[in-house]
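What follows is a single structure, written as structure tokens, with notes after it.
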Amino acid sequence: MEPIEKNNEVESRRDFLKMTAVIPLAMSLGGFSTSEALAQAAQATVPWYRNTYRWGQINLNELDPQHFDLQWWRGYWKRSETQGMVINAGGIVAFYPSKEPLQHQAQFLNGGDLYGDLTRAAHADGLKVFARMDCGSAFEPFYKAHPDWFAVNAAGEPYRTGSAESGVILYTTCINGPYYDEYIPRILREIIAHEKPEGFTDNHWAGLGRDSMCYCVNCKSKFHQFSGKDLPAKRNWDDPTYRQWIEWNYKRRLEIWDLFTSTTKAAGGPDCIWSGMLSGNFVQAAASFRDMKELCRRADIIMLDHQGRANNGLGPPGTGQSEGFQENGDTGKRVHGLGGWDKLAPESMATYGPRKAARPIPEVRMWMSDGVAGTIQPWWHHVGGYQEDRRQFQVVEPFFRWYADRQQYLINRQPVATVGVVYSQRNFEWYGRDNANILALSPYNGVIQALIRARIPYLPIDADYVERDGSQFSVLVLPNLAVMSTSQVEAIRSFVSKGGSLIATDETSLYDDYGDPRPDFALADVLGANYTGQRYGPKNPARLEHTYLRLTPDVGQDVDGPRHGDEPAKSAPRHPILKGFEATNIVTFGGILPEVKAAPGTTVPITLVPEFPIMPPENSWMRSPRTAIPALVIREQNGARIAFLPADIDRRYEQGNIPDHGDLLANLVRWGAKTNVPLEVKGPGLIDCHLYRQQGRVVLHLVNLTSAGTWRIPVEELIPVGPLTVKVKLPEGVAGKRLLLAVSGGTATVSHQDGWAQFEVKSVLDHEVAVLE
């Protein structure tokens with residue numbers, strides 16, 4: 001047998017020969033230049049899942065076979081220049097004439113073959129097809145035939161969804177039973193034999209989540225084989241058996257992914273792939289045992305079921321506070337950082353809400369725009385083959401046609417950023433536990449919101465990839481990365497030893513792999529601070545106390561006593577991170593602060609003002625206006641700038657949107673980056689900036705988040721902002737002399753100075769793409 005290296009060499013040579021054979025034909029037929037012909041030839045050798053960029057989905061219902069208008073939908077996917085379709089095949093409901101007696105046939109299929117009809121039509125029109133499955137549930141006849149294939153609670157009762165009132169009751173299948181091991185592989189093979197798709201996808205493949213334990217005979221047996229123990233009786237994060245149960249569940253999802261992948265490739269060929277849908281939400285991924293790092297690595301194409309903004313539950317009661325559109329841009333960068341920037345990541349973008357009525361066009365358009373800015377590929381999604389609210393279609397066609405027209409600027413690009421924001425799924429799982437949104441997600445969101453507001457490009461980076469990817473960054477930010485493994489700690493220590501700057505917040509490195517507290521920060525020597533064991537602030541991190549942060553030294557007073565108003569200060573100069581706070585000595589806080597002792601040689605520019613009464617006003621005065629309790633510890637060491645912010649300002653910024661908190665975070669990042677930020681954008685509005693490099697050009701996305709609905713669903717009106725003055729640091733090999741505005745279609749004059757290009761964008765409605773080449 002030849003060594004792997006030799007086999008790879010042979011395959012590369014075969015690909016090269018195929019590609020060179022195509023070049024003369026491409027040049028003769030299309031009038032292409034040599035470089036263009038090379039690009040065309042390269043595309044000819046790429047598997048379908050690497051060049052199918054624009055997707056669509058008609059989520060069929062059981063009534064659709066009775067009146068489905070195939071010709072209308074064929075016109076729709078042609079007008080929208082769709083390249084791939086997700087078409088319901090089987091699982092809960094079969095839309096083809098299955099020979100499996102227990103697979104529920106669509107009620108109005110009547111011997112027809114809607115899946116086959118749609119797939120044949122799509123193939124005839126040159127589209128690729130993902131057959132959609134749903135492995136998560138089945139109807140009652142199936143349950144009665146094989147009750148041991150279904151999930152049950154501790155009392156032996158089956159998990160069910162739906163109700164008699166709704167007319168639908170579904171039984172939840174068990175991921176450890178023969179339903180997954182034998183039945184679904186059989187269905188996959190049957191569909192391939194019936195009408196072969198290019199691949200399969202499934203949004204409900206991962207089984208029961210963490211909140212629902214299954215005690216069926218299969219789970220009992222397999223867990224005992226894995227651990228030698230009985231299933232845990234209840235949720236207890238400190239119980240070693242419960243911890244094994246969580247690890248076992250992650251392992252099982254990877255086994256299922258590999259089983260379904262090997263099944264489809266064996267039956268349909270090496271490019272007939274299976275790719276289960278993944279969530280773009282950190283907390284949801286952890287709660288459903290989806291190891292995003294491993295799954296994104298395994299996936300040939302990353303299919304995202306992340307359909308739109310949702311109420312995040314983090315705002316004050318009754319506010320309806322929701323996720324921002326920037327979450328979608330962050331999701332795209334995050335999954336590509338895990339799976340590779342050469343992979344595609346289509347995302348199901350719902351045009352409806354909740355099912356049949358249209359979402360407001362501005363809401364859908366903004367979600368699409370920020371996703372595309374974050375390198376996500378668009379995927380329209382309608383529920384049912386007949387829509388009475390035809391406004392759903394009005395957003396899809398123009399957006400998809402624009403994407404097709406400007407696609408060359410939206411694919412095959414590498415991000416440009418000098419700031420990395422470090423996260424890990426284990427932090428959401430083992431530190432966040434039952435309160436991950438507040439404990440772990442809020443600090444991360446607070447940091448990225450501060451960076452977006454300051455127009456500082458950043459990239460998310462998994463803590464396990466710091467050693468691999470860290471060298472591209474000037475500064476790493478660790479937003480309450482409380483759970484850190486020994487190897488992750490060492491990777492950060494190595495990054496700093498090479499001159500990389502570091503900003504860490506809250507309880508970073510204070511917990512081990514399983515969320516057990518350490519006696520001190522594992523990074524204490526790097527941060528220049530040691531944990532004393534005492535904490536200030538509310539026990540419930542979602543609540544606030546009446547506390548403040550003091551900025552030192554005080555301004556506006558000297559030895560003669562306090563000064564007020566505009567009187568000049570005579571105090572010592574402040575640290576640069578306090579720029580913009582010259583008119584105040586305090587900022588509001590209210591949050592949690594683990595007490596630390598600062599090491600010699602560090603500077604403490606911010607301290608805590610402890611809680612004091614807020615009511616009545618007559619009694620509201622600071623009992624301890626000055627303390628030595630550090631809220632920020634900074635140092636410079638071997639060329640690295642290091643800031644430790646034990647005060648959870650990042651969490652408070654996400655929850656309270658207080659501008660002072662965002663300014664402090666942005667100032668820290670700029671200081672840590674030593675001004676090495678490749679972008680400046682000046683002008684009004686909240687703008688999400690994504691910067692990329694392609695061969696010979698720079699591509700900048702400007703997403704306008706300015707709206708009355710930015711933090712409240714839905715956006716119903718787009719509000720233009722501008723003008724914006726943009727300065728971009730040009731990478732080596734990019735002259736940047738010509739500017740194209742790829743949304744508005746305009747151009748602008750570009751000036752150059754010291755390796756920077758500057759231009760003006762007069763107005764941005766929802767999204768602009770500036771291309772410098």
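The values are calculated or read from the model by the stated rules, or taken from the named source; none is laboratory data. Everything numeric in this text was worked out from a predicted model, so none of it was measured. No Cβ is skipped: glycine too gets one built from the backbone with ideal geometry, and neighbour counts run over all protein chains shown. Side chains are part of the model used for accessible areas, which takes the heavy atoms of the whole protein and leaves out ligands, DNA and RNA. Shrake-Rupley method; radii C 1.70, N 1.55, O 1.52, S 1.80 Å.
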Can you spot a residue in segment 163-180 that is surrounded by 18 or more Cβ atoms within 10 Å (Cβ to Cβ) and over 33 Å from the mean Cα position of the chain (by Cα)? no
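Here is a yes/no grid of residues against (1) under 23 Å from Pro415 (Cβ atoms); (2) among the basic types (Lys, Arg); (3) touching a Ser or Thr at 6+ places or on another chain (Cβ under 9 Å); (4) buried (at least 19 other Cβ atoms within 10 Å of the Cβ):
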residue	(1), (2), (3), (4)
Glu732	yes, no, no, no
Arg738	yes, yes, yes, no
Gly746	no, no, no, no
Ala770	yes, no, no, yes
Which count do you get for residues in segment 299-355 that are acidic (Asp, Glu), at pLDDT below 90 and open to solvent by less than 10 Å² (accessible area, probe 1.4 Å)? 0
Failed item in (1) open to solvent by 20 Å² or more (accessible area, probe 1.4 Å); (2) on the phi < 0 side of the Ramachandran plot, with Gly385 passing the rest: (1)
Can you name the number of the only condition in (1) in contact with a helix residue (DSSP H, G or I) (Cβ under 6 Å, 6 or more places away or on another chain); (2) at pLDDT 95 or above; (3) under 22 Å from Ile92 (Cα atoms) that Ser288 fails? (1)
Given (1) more than 12 Å from Tyr548 (Cβ to Cβ); (2) at pLDDT 95 or above; (3) of a type outside the set (Lys, Arg); (4) assigned to a helix (DSSP H, G or I), where does Ala583 come up short, assuming only one miss? (4)
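Take the residues in segment 137-152 that are assigned to a loop (DSSP other than H, G, I, E, B) and open to solvent by 40 Å² or more (accessible area, probe 1.4 Å); name whichever of them is farthest from Leu231 (Cα to Cα). Please lay out each step first, then the result.
Just the residues of segment 137-152 that are assigned to a loop (DSSP other than H, G, I, E, B), to begin with: 139, 146, 151.
Still in the list and also open to solvent by 40 Å² or more (accessible area, probe 1.4 Å): 139, 146.
On the way: Phe139: 27, His146: 22 Å.
Ranking the qualifying residues of segment 137-152, first place goes to Phe139.
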So, Ala450, is that one within 29 Å of Lys498 (Cβ to Cβ) and either under 16 Å from the mean Cα position of the chain (by Cα) or crowded, with 24+ Cβ neighbours inside 10 Å (or both) or not? yes
For Ser424, state whether it is closer than 30 Å to Tyr242 by Cα and either open to solvent by 10 Å² or more (accessible area, probe 1.4 Å) or under 24 Å from the mean Cα position of the chain (by Cα) (or both). yes
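Take the residues in segment 283-297 that are open to solvent by 10 Å² or more (accessible area, probe 1.4 Å) and not in a helix (DSSP H, G or I), then tell me which one is farthest from Ile461 (Cα to Cα).
Of segment 283-297, the ones open to solvent by 10 Å² or more (accessible area, probe 1.4 Å) are 283-284, 287-288, 290-294, 297.
Subset that is not in a helix (DSSP H, G or I): 288, 290-291.
Details: Ser288: 21, Arg290: 18, Asp291: 15 Å.
Only one residue fits best here, namely Ser288.
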Of the residues that sit in segment 757-768 and are open to solvent by less than 50 Å² (accessible area, probe 1.4 Å) and of a type in the set (A, V, I, L, M, F, W, C), which one is farthest from Gln695 (Cα to Cα)? Val764
Number of the exception - Asp258 against (1) open to solvent by 10 Å² or more (accessible area, probe 1.4 Å); (2) part of a loop (DSSP other than H, G, I, E, B); (3) modelled with pLDDT of 95 or more: (2)
Those residues of segment 427-440 which are open to solvent by 20 Å² or more (accessible area, probe 1.4 Å) and farther than 30 Å from Trp671 by Cβ amount to Arg433, Asp434, Asn435
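Yes/no matrix, rows are residues, columns are (1) of a type outside the set (D, E, K, R); (2) open to solvent by 10 Å² or more (accessible area, probe 1.4 Å); (3) touching a His at 6+ places or on another chain (Cβ under 6 Å); (4) touching a residue at least 60 places away in the same chain (Cβ under 8 Å):
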site	(1), (2), (3), (4)
Asp469	no, yes, no, yes
Pro479	yes, no, no, yes
Ser485	yes, yes, no, no
Thr505	yes, no, no, yes
Leu510	yes, no, no, yes
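Only one residue in Gly177, Gly156 is within 12 Å of Cys216 (Cα to Cα), touching a residue at least 12 places away in the same chain (Cβ under 8 Å) and in contact with an Asp or Glu (Cβ under 8 Å, 6 or more places away or on another chain). Which one?
Details: Gly156 fails: in contact with an Asp or Glu (Cβ under 8 Å, 6 or more places away or on another chain).
Among Gly177, Gly156, only Gly177 is within 12 Å of Cys216 (Cα to Cα), touching a residue at least 12 places away in the same chain (Cβ under 8 Å) and in contact with an Asp or Glu (Cβ under 8 Å, 6 or more places away or on another chain).
For the condition under 29 Å from Phe282 (Cα atoms) and polar (S, T, N, Q), what is the one hit in Ser227, Ser221? Spell out how you get there, then give the answer.
Numbers: Ser221 fails: under 29 Å from Phe282 (Cα atoms).
Every option except Ser227 fails the conditions.
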What tally of residues in segment 526-543 results from selecting those that are open to solvent by 50 Å² or more (accessible area, probe 1.4 Å), more than 23 Å from Gln425 (Cα to Cα) and touching a residue at least 40 places away in the same chain (Cβ under 8 Å)? 6
